[in-house]
Amino acid sequence: MKPASIIFALVLGVVATFAQGPTPEPRKENPVTAINDRGAGAGGPAVLESIDPAGGDTTRIPASAGKRPPVTEKSTPVNLLKLIESGGWAMWILGGMSIVTVMMVLMNLFTLRRSAILTPHYMNTADVLLKKKDYLGLLAISSRHSEAVARVVQRTLDFATKNPNASFEVIKEIAESEGSGQAASLQHRPTYLADIGMLSPMVGLLGTVWGIIQAFGVLGSGQVTQSRDVLLAAGVSEALVATGTGLVLGITAFFFYAMFRNKVQSLISDLETASAHIVGLLAINYAKKREPSRAAIEEEF
């Protein structure tokens, strides 16, 4: 072999050795866990390897084992029937009171009107007949009308026609007493709403106390499969439905009571004005009735 060929072969060997670089050292894994590169690169779940420092076996644990799965909550619709059942027996009493409240509100809306106290047609007719001293005609017309002032006039004229010798003071007292009775009847109508507004929160509170007693009784029995906190919270929330319903009903009833009370005061003021007008016309007629008698007495003297 030629020397040049041997030298050339040695040079190529040295160059190839330096081109490869240093030999890589083996990678050291985490003494506790290591990620499985093969599982992560394949798109699968990451796997944790538990490595024993003493060189024992390794245990593969999925990386998602410590994570909690997403919780999906299903919302159940709450209808009126379920709400009533959750409130207990007090909800049935409050339901009956709410029906009475609606009826009282509608009744007061249709009855507490100014036309139920007086009408311009009746007042004009009463003025004409009183000036003509046609008491029997006005008494007949008043019996056919339903206004409150018509009731006052009817009672007053009925007493005056049956007792022609009665003084005007006695007739005035009859008119005032009948007017007070009509005013008391007007004031009495909205008071039922005030009673419901006061009683409904108390009924709701009683239902809540009863529900809480039952919830604690179930907890005290020891026969529970759920968590005590969850069971107690559910029982208290259902018991509070009765209190909430009672408060809503009470606030509504008191609101309409205040509105109708102010309206009643205005109607009573109109009734007093109309009654005073009728009594004033009667006083003028009684004064004219007495004047001829005085003139006759003076002629005799």
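The values are calculated or read from the model by the stated rules, or taken from the named source; none is laboratory data. This structure is a prediction, so every number in the text was calculated from the model and none was measured. Don't worry about glycine lacking a Cβ; one is built from the backbone with ideal geometry, like all the others, and counts go over all protein chains shown.
Quick notes
- So residue 128, is it in contact with a Ser or Thr (Cβ under 7 Å, 6 or more places away or on another chain) and either farther than 30 Å from residue 245 by Cα or not in a helix (DSSP H, G or I) (or both): no
- Hey, residue 194 out of contact with any Gly (no Cβ under 7 Å at 6 or more places or on another chain), surrounded by fewer than 21 Cβ atoms within 10 Å (Cβ to Cβ) and outside any helix (DSSP H, G or I) or not: no
- Residues located in the stretch 99-144, provided they are crowded, with 18+ Cβ neighbours inside 10 Å and under 27 Å from residue 259 (Cα atoms): 101, 104, 105, 108, 112, 117, 118
- Residues being under 12 Å from residue 176 (Cα atoms), of a type in the set (S, T, N, Q) and out of contact with any helix residue (DSSP H, G or I) (no Cβ under 6 Å at 6 or more places or on another chain) - total across the stretch 264-280: 1
- Filtering 158, 134 for residues that are more than 23 Å from residue 252 (Cα to Cα), among the acidic types (Asp, Glu) and either touching a helix residue (DSSP H, G or I) at 6+ places or on another chain (Cβ under 7 Å) or modelled with pLDDT of 90 or more (or both) leaves a single hit, 158.
- Looking only at the stretch 145-184, and only at residues there that are in contact (Cβ under 8 Å) with a residue 12 or more places away in the chain and closer than 17 Å to residue 262 by Cα, the one that is surrounded by the most Cβ atoms within 10 Å (Cβ to Cβ): 182
- Restricting the stretch 137-179 to residues that are assigned to a helix (DSSP H, G or I) and of a type in the set (S, T, N, Q), the residue that is nearest to the chain's Cα centre (by Cα): 177
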